[in-house]
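Below is one structure, written out as structure tokens; comments come after it.
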Amino acid sequence: MTVKEVVIAAATSLGIGKFVREYIEGSSVYGMKNTELLLDCYNMVENELALDYLPLYAEEEVETQTGVVPYSIFSRKAVRILRVSDEWENSAKFTLFPEYLKTQQGKVKVAYTYTPEKKTIDDNSDYLVQASVRLLAYGVAAEYCLASGMYEDAAVWDKKYKDAINAAYKAAPCRRLQSRWWA
């Protein structure tokens, strides 16, 4: 999914889709202000979704001579370290510090959640599977209405956004235990 798809979907839902689409295609400058505001709203929503509702996961392999792994070497902005394992997938002990984590020496794999980078209109979303265009568009529409002073509309869009997040949670695969026939 692209940022452009989400912004156009949100703009269409808000009734300003024609102006935003024309600005993005380069045939008009009238929708510039709306498009920029929608893009800012997109970045806020994607960040909020990653931090509060549907975390984004990454795993990287790093090599350390001292056991110190600075967070700055990760390709993404780490939020929470989930696990550290050695090169044979065995769990490794680790301790978190403000600027780095301390673990064993050698090659280690670090699994973590991250916050997305700020996007432009031509970028791809970090959400490929967990969130839909519709879910993000609802959040963008809610933020846009809030920023524009349309508080009642913002409440309606925010409810749709929260309902879509709940639906995304429910769509996640879950394990079912077989019933105990002997009980």
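Every read-out reported here was derived from the displayed coordinates using simple, explicitly stated rules and does not represent laboratory data. A quick note: this is a predicted structure, and the numbers were derived from the prediction, not measured. Positions of Cβ are backbone-derived with ideal geometry, glycine not excepted, and every protein chain shown enters the neighbour counts.
When you count, for each residue, the other Cβ atoms within 10 Å and take the mean per peptide, how do 63-69, 77-83 rank with the highest first?
77-83, 63-69
List the residues whose amide H sits under 5 Å from the amide H of LEU82, counting only those 5 or more places along or on another chain, with H placed 1.01 Å from N in the peptide plane.
ALA111, TYR112, THR113
Using mean projected area of the Cα convex hull in nm² as the read-out, say which of (1) 11.7; (2) 9.5; (3) 15.6 was calculated from these coordinates.
Step by step, mean projected area of the Cα convex hull in nm² for this structure corresponds to label (3).
How big is the dipole moment of segment 56-115 about its Cα centre under a simple scheme where the beta carbon of each Lys and Arg is +1, that of each Asp and Glu is -1, and everything else is neutral? Debye, nearest 20, please.
260 debye
What distance in nm lies between label points placed 7 Å from Cα along the C-beta direction at LYS162 and VAL68?
Between LYS162 and VAL68, the label points sit 4.5 nm apart.
Using 7 Å Cα-to-Cβ label points, what is the ALA155/GLU59 separation (nm, one decimal)?
Rounded to a tenth, the inter-label distance reads 4.5 nm.
Any idea what angle helix 32-48 forms with the longest principal axis of the chain, computed on alpha-carbon atoms, 0 to 90 degrees, nearest 10?
The angle comes out near 30 degrees.
Could you point to the residue in ALA168, LEU38, TYR144 farthest towards the positive end of the chain's charge dipole, with +1 and -1 charges on the Cβ of Lys/Arg and Asp/Glu respectively?
Most positive-ward Cα: ALA168.
Which ordering of THR95, THR115 is given by a fewest-first count of other beta-carbon atoms within 10 Å?
Ascending Cβ contact count within 10 Å gives the list THR95, THR115.
Which chymotrypsin sites (Phe, Trp or Tyr not before Pro) in segment 24-86 pass both tests, a DSSP loop state and at most 15 other beta-carbon atoms within 10 Å?
Those that pass, being in a loop and sparsely packed, are TYR30.
If amide hydrogens are placed 1.01 Å from N in the peptide plane, which non-local residues have theirs closer than 5 Å to the one on SER125?
Result for SER125 returns THR2, VAL3.
How many nm is it between the label spots at LYS102 and MET1, if each spot is 7 Å from the Cα in line with the beta carbon?
4.2 nm
At 0.36 nm per residue, minus the direct Cα-Cα distance, what do THR12 and ARG80 gain on full extension? Give it in nm, one decimal, please.
Full extension from THR12 to ARG80 adds 20.9 nm.
Within 10 Å of each residue's Cβ, count the other Cβ atoms and sort MET1, MET32 from fewest upward.
By the 10 Å Cβ count, ascending: MET32, MET1.
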